[in-house]
Ligand SMILES: Cc1cc2nc3c(=O)[nH]c(=O)nc-3n(C[C@H](O)[C@H](O)[C@H](O)COP(=O)(O)OP(=O)(O)OC[C@H]3O[C@@H](n4cnc5c(N)ncnc54)[C@H](O)[C@@H]3O)c2cc1C
């Protein structure tokens, strides 16, 4: 591994994180998958060690370090299992809205407890009737002088069951033209009257990650929980989706690397027709093709992460990476399962879980079709 944006400090940090995960995550991961939940104690242990939102300023409970440390965390969590995506979503997707658009009072009120793992966050954009077409959300927030009264429903929300703070996209002006100008972001808190959770959803993969429906029925949200300005929610989301999609690309890249490694180990140990299956030309060609795709993906991703850390606008390239790297990982999952033969279809082999988990990467954080629409639009089409 030779990421140009990672220095010795990052690798020392990686070592201590790996040691922590060897003790606190790997031995329990299967149980968490069966329980369909990651215990809150894991969040607080991550927080105690400084493994949640390390890029936050020290005065808000972070370590004030560069985003390279967050890359390391996302990589190592993915190595344990894709079901840990909710932690990356908390640190690198939700919290950045508070740091970028929140008031000083909001930062002091929430950030230290987000860094310690006491508060778990979620982001609620998707609704039963709309996902890709975000400007068309129906959840409303009417201002009554002191509170916003929120009505509507959200679905597929990562950390939905455990979350204490949920960044909710709603329409403060349902008649705005164009529609996206009527969207605002409100922070709904556990216990706000009128807020309840719906079903915990039963998914194909990411079993330990809780994903849920959220319901708002005349839900009273204090006016001080508005993030940024009214009507700018859509703009804020477009701004922050760059990092969200980059995180998904990083996870897909690591998943591909892990799957290839599992498969190389497997084909060396399995025999057929009197020789190791790694000796068949088909096996070698498949492995060579996957290794080449992974190397290409890694080079593009590393360059992109570097540019993102430098603060460059890399929306088009991020859309390319999210699309290409997730499709690559899905293809690799399929090839790796095939090379495992029947054992690949058995739950006791990690490739089976990886195969299930990777499927969603081309759907969430904006589908890969939406990624292509962004690329085409930015090419002037
Ligand atoms: C496990 C999981 C976790 C998730 N976590 C969250 C979360 O934490 N917060 C959140 O808000 N959402 C979350 N989502 C929702 C996710 O972001 C949406 O599912 C996704 O954006 C797609 O929306 P949709 O499901 O409504 O599909 P639709 O928008 O209905 O799309 C259906 C199909 O039509 C295609 N399509 C739609 N529009 C176009 C177009 N213009 N051109 C070409 N094709 C198009 C899509 O690509 C897709 O193939 C999660 C989803 C899953 C499965």
| Which residues, taken from the range 43-76, are touching a residue at least 60 places away in the same chain (Cβ under 8 Å) and outside any loop (DSSP other than H, G, I, E, B)? | 43, 44, 45, 46, 47, 48, 68, 71, 72, 74, 75, 76
| Can you spot a residue in the range 77-95 that is surrounded by 19 or more Cβ atoms within 10 Å (Cβ to Cβ), within 10 Å of the ligand (Cβ to nearest atom), modelled with pLDDT of 95 or more and in a loop (DSSP other than H, G, I, E, B)? | no
| note | Residue set 232, 223, 200; condition over 26 Å from the mean Cα position of the chain (by Cα) and touching a residue at least 40 places away in the same chain (Cβ under 8 Å); output residue 223
| said: Against the definition (in contact with a strand residue (DSSP E or B) (Cβ under 8 Å, 6 or more places away or on another chain) and either in a helix (DSSP H, G or I) or at pLDDT 95 or above (or both)), how does residue 343 come out, yes or no? | reply: no
| request: Evaluate the following for residue 115: is it part of a strand (DSSP E or B) and buried (at least 21 other Cβ atoms within 10 Å of the Cβ)? | output: no
| said: Taking the criterion of being at pLDDT 95 or above and within 14 Å of the ligand (Cβ to nearest atom), would at least one residue in the range 220-232 satisfy it? | reply: no
| request: Could you please find all residues in the range 128-172 being assigned to a strand (DSSP E or B), within 8 Å of the ligand (Cβ to nearest atom) and touching a helix residue (DSSP H, G or I) at 6+ places or on another chain (Cβ under 9 Å)? | output: 130, 158, 169
| remark: All-but-one check, residue 261 against (1) surrounded by fewer than 20 Cβ atoms within 10 Å (Cβ to Cβ); (2) modelled with pLDDT of 95 or more; (3) more than 30 Å from residue 292 (Cα to Cα), failing number (3)
| task | Among the numbered conditions (1) in a loop (DSSP other than H, G, I, E, B); (2) crowded, with 20+ Cβ neighbours inside 10 Å, tell me where residue 204 comes up short. | result | (2)
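This table checks each residue for (1) part of a helix (DSSP H, G or I); (2) closer than 14 Å to residue 263 by Cβ; (3) touching a helix residue (DSSP H, G or I) at 6+ places or on another chain (Cβ under 9 Å).
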| residue | (1), (2), (3) |
| --- | --- |
| 333 | yes, yes, yes |
| 337 | yes, yes, yes |
| 356 | yes, no, yes |
| 366 | no, no, yes |
| Here are 329, 299, 321, 288: which of them is touching a residue at least 40 places away in the same chain (Cβ under 8 Å), under 27 Å from residue 71 (Cα atoms), in a helix (DSSP H, G or I) and more than 16 Å from the ligand (Cβ to nearest atom)? | 321
| Do you know which of the residues in the range 184-201 that are in a loop (DSSP other than H, G, I, E, B) and over 30 Å from residue 352 (Cα atoms) is farthest from the ligand (Cβ to nearest atom)? | 193
| remark: Log entry, pairs with first residue in the range 112-125 being within 16 Å of residue 42 (Cβ to Cβ), second being in a strand (DSSP E or B), beta carbons closer than 6 Å, six or more apart or on different chains, reads 119/165; 121/165
| field | Contacts under 9 angstrom Cβ, first residue in the range 143-155 being under 30 Å from residue 203 (Cβ atoms) and touching a residue at least 60 places away in the same chain (Cβ under 8 Å), partner outside any strand (DSSP E or B) and away from the ligand (no atom under 16 Å from the Cβ), 6 or more apart | value | 150/192; 150/194; 151/194
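The values are calculated or read from the model by the stated rules, or taken from the named source; none is laboratory data. This is a predicted model, so every value here is computed, not measured. As a convention, Cβ positions derive from the backbone with ideal geometry for all residues, glycine included, and neighbour counts pool all protein chains shown.
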